[in-house]
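The values are calculated or read from the model by the stated rules, or taken from the named source; none is laboratory data. Because the structure is predicted, anything quoted here is derived from the model rather than measured. Note that we place each Cβ from the backbone using ideal geometry, even for glycine, and neighbour counts take in every protein chain shown.
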Amino acid sequence: MTNSDLLDSLDADSFYVLGADIADRKAPQVPIDRRWYERRFRARLVNPANRRKLDVIIVGTGLAGSSAAATLGEAGYNITCFCYQDSPRRAHSIAAQGGINAAKNYRNDGDSVYRLFYDTVKGGDFRARESNVYRLAELSVQIIDQCVAQGVPFAREYGGLLDNRSFGGVQVSRTFYARGQTGQQLLLGAYQALERQIAAGTVEMNTRHEMLELIVVDGRARGVVIRDMVSGAIETHFADAVVLATGGYSNVFFLSTNAMGCNVTATWRAYRKGAYFANPCFTQIHPTCIPVSGDYQSKLTLMSESLRNDGRIWVPKSGEDKRDPRNIPEADRDYYLERIYPSFGNLVPRDIASRAAKNVCDEGRGVGPGGLGVYLDFADAIARLGRATVEGKYGNLFSMYAQITGEDPYKTPMRIYPAVHYTMGGLWVDYDLQSSIPGLYVTGEANFSDHGANRLGASALMQGLADGYFVLPNTINDYLADGPFPRIDASHPAVVDAVEAVRARIDKLLSVNGGRTVDSFHKELGRLMWDYCGMERSEEGLRKALTRIRELKNEFWSDVKVLGTNEELNQALERAGRVADFFELGELMCIDALVRRESCGGHFRVESQTADGEALRDDDEFAYVSAWEFEGDGGRPILHKEPLVYEYVELKQRSYK
Amino acid sequence: MNLTLRIWRQASPRAKGKMAVYHVSDVSEHMSFLEMLDVLNERLTLQGDDPIAFDSDCREGICGTCGLVINGVAHGPLQTTTCQLHMRSFSDGDVIDVEPWRAEPFPVIKDLVVDRGAFDRIIQAGGYISAPTGTAPDAHATPVPKRDADRAFDAATCIGCGACVAACPNGSAMLFTAAKITHLGLLPQGQPERYSRVVGMLAQHDAEGFGGCTNIGECTAVCPKEIPLETISRLNRDLINALTHGGSHWPKAAPIREELEEEEPD
């Protein structure tokens, strides 16, 4: 027995059980550039006349949900769509700023599908599935065509052709953008296509409706239990297949760049019904966010990473130095990124920049309220380029910063701090985007995705739209070809149980009537996750977090205070249900992080580092996807490993020194 | 700082509402306006009083979910979204009135939360380009002059918050509608449906009960994305052209607001 086997068995005693390995069986065994072509050909089709007899439920209307609903509606299926917002146009994809990658090679700079594939696998620190990433790179090209045809106003050059920029350390210019609002414009394109199908009668849209349970009948996903957030009515909806496009779970940290309503409930409920949850501990932390200013803080705001092109990051050499930053002489400043990483300096990847900021703050040298911030200084850039040039490049970001903080970044250095903004983990899916429950499909950020342990900039929008416009509409037919499945109604025992479970939970939340608000629990959970399951993890810390999360979860269920009734718009009740699921997710994230005893992507495991303190990946032990199976409340989750095989990209250790 | 808030409370769509008075103390100037309401709601909850319902989501000014009338002005004293308004815009001792959007097509659901579904139905009536997935030519097949692309983008930045309606004495949604007409009408891809689009969207706008535009311009004064009034001129030009051309540009479908027809039997 090796040392690591021994540790595994020790862990297994307390936190999890090791199950059988799993594998994706849908990607055809042909050369990688033929796989998607082959899969589409092999997938069974549904006759257009039969499509209208098939019902598909889609939950979530961000890029992955709206695009799927519109496309499947156009194909003639009966779609029922749900979102918790008051309009599908408000899903959080709308907040993506930077851009969308596509291997168009319009710049003639050596880009190709293969290069985008290669960059994405490498950027993901070799924890993504090659087949899926290759397909993503192939489809990137069609996404841009589709969006332009819909009227997405991408930035253009004077000749009328599309402009590109480079992003996130890659050496080609392949990012298409619409000023700082690319997500908004892409989402509005998908939203308009969706609204067109609503008008055409192929899609029934339900806004202010939240999914609270998945209905599984005879081993197939057959419907959802939904709460009408205005009336409180608990509804059941049935279909031949269910698609979850419900986004990520960064809000488990309470403070993140996600919208207030973003939550894990839909995917978590599916996990509890048998869908495997993959790589839950893989989260992405963005280095350039506006720091927290006080306890009342409700969310964090991201500023584009492009700021690091011209800004210099520093903290005072001494933690005692509380002078106005403008009065701190050069000799007393520590430009720590330039010092530690001389060749990349302020442009090291997101994960390294984030962790370095945390380290200097942990040393007591952080700046601003609570010592949780570092300076991002444009004084040199303004002296070198002139204020007008800096304003031209970053004017909108500077004014956003000024509006939020009340400080003028042209005169005093900005303060920044890392924040969680994306989760690479999510429900496990095969090449068809089908989860481990037949008939349950998962798209966009909600699945464990194509980004491995770290997502490259401008790749989230690409993945959401690839899944929704092109992948799902060419794979779900293979499943629906067996349908329509036998009709079910509200009297089916599985449905009765699901509805009962939802009602019981709501009743319980409303009846505790304890002494603490939902947000106070959420903040405490978030703090635990940030401290122990954020950028830096240790065996000791994760075990401590697990103990405390379990205690806190019990306190929540015995001391939370939710006023009002179910039969009304009740925002505290909505939040309470989401936070209850965040507790369970937080526990699984910590277990997953505990098992993954390696540093990879943005996740630094203190037990796995090089002699000079850099992240050390362990491909021999951990080149796999962790897919977790639910084993009942109080039971230990089962870990299924999907070994990752690299046939095309050579495994390499990253170095930025 | 210490503040007095007078906030619109209304239990349900049909309930009678009223302004309720709350005193909040120790408000930090760095709080956003919505965070100040969060703090008040935490206190109300612990006291056993029903917290104030208000909508918000991204809290970074882009999703368009939030929207309050603050001291009589949609989104308050700065031309931004409510979520981007900070307490440093107020002073110790201020009395602040907080109300929901007020317009007949935006019925109140609870307290400060309104139903803006009418906006989605206006988009359904033509606010799109019919380009089913998979039918697109190469993105470079049709160059678009930069000037047109930039102006289309400026109009497309509308976040659909509804401040334009809340500010308009006529309760008109013309700025919202015109922003979409302008965005799509400036692009070559939007030309085939340009005239049916304007007729369809306007018919739906009117069917929803929004008022007409009399060029007052209150809408542009509060629009957080600074959509210009000239978009409405553009809409009017397209509408006149569409109607001059005759019957071929009438909407593909009749306006869809069944409730409205029921309310007006004659």
Reported set for region B:84-115 where residues are of a type in the set (Val, Ile, Thr) and more than 13 Å from every other protein chain (Cβ to nearest Cβ) is B:95, B:96, B:98
The condition of being within 14 Å of chain B (Cβ to nearest Cβ) and not in a helix (DSSP H, G or I) holds, among A:127, A:107, only for A:107
Is one or more of the residues making up region A:39-46 within 14 Å of chain B (Cβ to nearest Cβ), in a loop (DSSP other than H, G, I, E, B) and not polar (S, T, N, Q)?
no
**Message:** Residue under question is residue A:613, and the condition is that it be more than 24 Å from the chain's Cα centre (by Cα), in a loop (DSSP other than H, G, I, E, B) and touching a residue at least 24 places away in the same chain (Cβ under 8 Å); does it hold?
**Reply:** no
Looking across region A:52-64 at residues that are touching a helix residue (DSSP H, G or I) at 6+ places or on another chain (Cβ under 7 Å) and away from chain B (no Cβ under 14 Å), the single one that is nearest to residue B:63 (Cα to Cα) is A:59
Subset of region B:135-145, residues modelled with pLDDT of 95 or more and either not assigned by TED's automatic domain parsing to the domain that holds residue B:206 or not acidic (Asp, Glu) (or both), comes to B:136, B:137, B:139, B:140, B:141, B:142, B:143, B:144, B:145
Residues of region A:176-196 being surrounded by 24 or more Cβ atoms within 10 Å (Cβ to Cβ), more than 22 Å from residue A:262 (Cβ to Cβ) and not hydrophobic (A, V, I, L, M, F, W, C), in sequence order, are A:192, A:195, A:196
Condition test on residue A:269, is it away from chain B (no Cβ under 13 Å) and either outside any helix (DSSP H, G or I) or crowded, with 20+ Cβ neighbours inside 10 Å (or both)? yes
A careful count of residues in region B:141-172 that are more than 8 Å from chain A (Cβ to nearest Cβ) and hydrophobic (A, V, I, L, M, F, W, C) gives 10
Picking from B:131, B:149, the residue that is in contact with a Phe, Trp or Tyr (Cβ under 8 Å, 6 or more places away or on another chain) and assigned by TED's automatic domain parsing to the domain that holds residue B:180 would be B:149
With the condition kept exactly as written, say whether any residue in region B:74-83 is more than 10 Å from every other protein chain (Cβ to nearest Cβ), in a strand (DSSP E or B) and either free of Cβ contacts under 8 Å to residues at least 24 places away in the same chain or polar (S, T, N, Q) (or both). no
Restricted to region B:8-42 and to residues being closer than 30 Å to residue A:290 by Cα, more than 9 Å from chain A (Cβ to nearest Cβ) and within 27 Å of the chain's Cα centre (by Cα), the residue surrounded by the fewest Cβ atoms within 10 Å (Cβ to Cβ) is B:40
Residue B:118 vs (1) assigned to a loop (DSSP other than H, G, I, E, B); (2) within 13 Å of chain A (Cβ to nearest Cβ): all pass except (1)
Of the residues in region B:175-198 that are within 22 Å of residue B:215 (Cα to Cα) and basic (Lys, Arg), the one that is surrounded by the fewest Cβ atoms within 10 Å (Cβ to Cβ) is B:197
Out of (1) surrounded by 16 or more Cβ atoms within 10 Å (Cβ to Cβ); (2) hydroxyl-bearing (Ser, Thr, Tyr); (3) assigned to a loop (DSSP other than H, G, I, E, B), the one residue B:45 does not meet is (3)
Okay, strands (runs of 3 or more DSSP E) sitting entirely in region A:277-392 with 1 or more residues that are in contact (Cβ under 8 Å) with a residue 40 or more places away in the chain and within 20 Å of residue A:256 (Cβ to Cβ), I get A:283-289, A:374-377
Screening A:634, A:601 for residues that are away from chain B (no Cβ under 14 Å), out of contact with any strand residue (DSSP E or B) (no Cβ under 7 Å at 6 or more places or on another chain), surrounded by fewer than 17 Cβ atoms within 10 Å (Cβ to Cβ) and at pLDDT below 95 leaves only A:634
Scanning region B:107-120 residue by residue, those under 16 Å from residue B:179 (Cβ atoms) and touching an Asp or Glu at 6+ places or on another chain (Cβ under 7 Å) turn out to be B:116, B:118, B:120
Take residue A:556 and tell me if it is within 19 Å of the chain's Cα centre (by Cα) and closer than 17 Å to residue A:518 by Cα. no
Among the residues of region A:535-545, the number that are touching a Gly at 6+ places or on another chain (Cβ under 9 Å) and modelled with pLDDT of 95 or more is 1
Counting only residues in region A:442-460 that are touching a strand residue (DSSP E or B) at 6+ places or on another chain (Cβ under 7 Å) and outside any loop (DSSP other than H, G, I, E, B), the one nearest to residue A:278 (Cα to Cα) is identified as A:447
Of the residues in region A:544-572, those that are in a helix (DSSP H, G or I), within 11 Å of chain B (Cβ to nearest Cβ) and in contact (Cβ under 8 Å) with a residue 40 or more places away in the chain number 1
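Table: residues versus (1) within 14 Å of chain B (Cβ to nearest Cβ); (2) touching a Leu at 6+ places or on another chain (Cβ under 8 Å).
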residue: A:407; (1), (2): yes, no
residue: A:427; (1), (2): no, yes
residue: A:430; (1), (2): no, no
residue: A:438; (1), (2): no, no
residue: A:441; (1), (2): no, yes
residue: A:450; (1), (2): no, yes
residue: A:470; (1), (2): yes, yes
Only one of A:137, A:155, A:190, A:178 is hydrophobic (A, V, I, L, M, F, W, C) and away from every other protein chain (no Cβ under 11 Å), namely A:137
Taking region B:126-140 and the residues there that are touching a helix residue (DSSP H, G or I) at 6+ places or on another chain (Cβ under 6 Å), touching a residue at least 40 places away in the same chain (Cβ under 8 Å) and within 7 Å of chain A (Cβ to nearest Cβ), the one that is farthest from residue A:231 (Cα to Cα) would be B:131
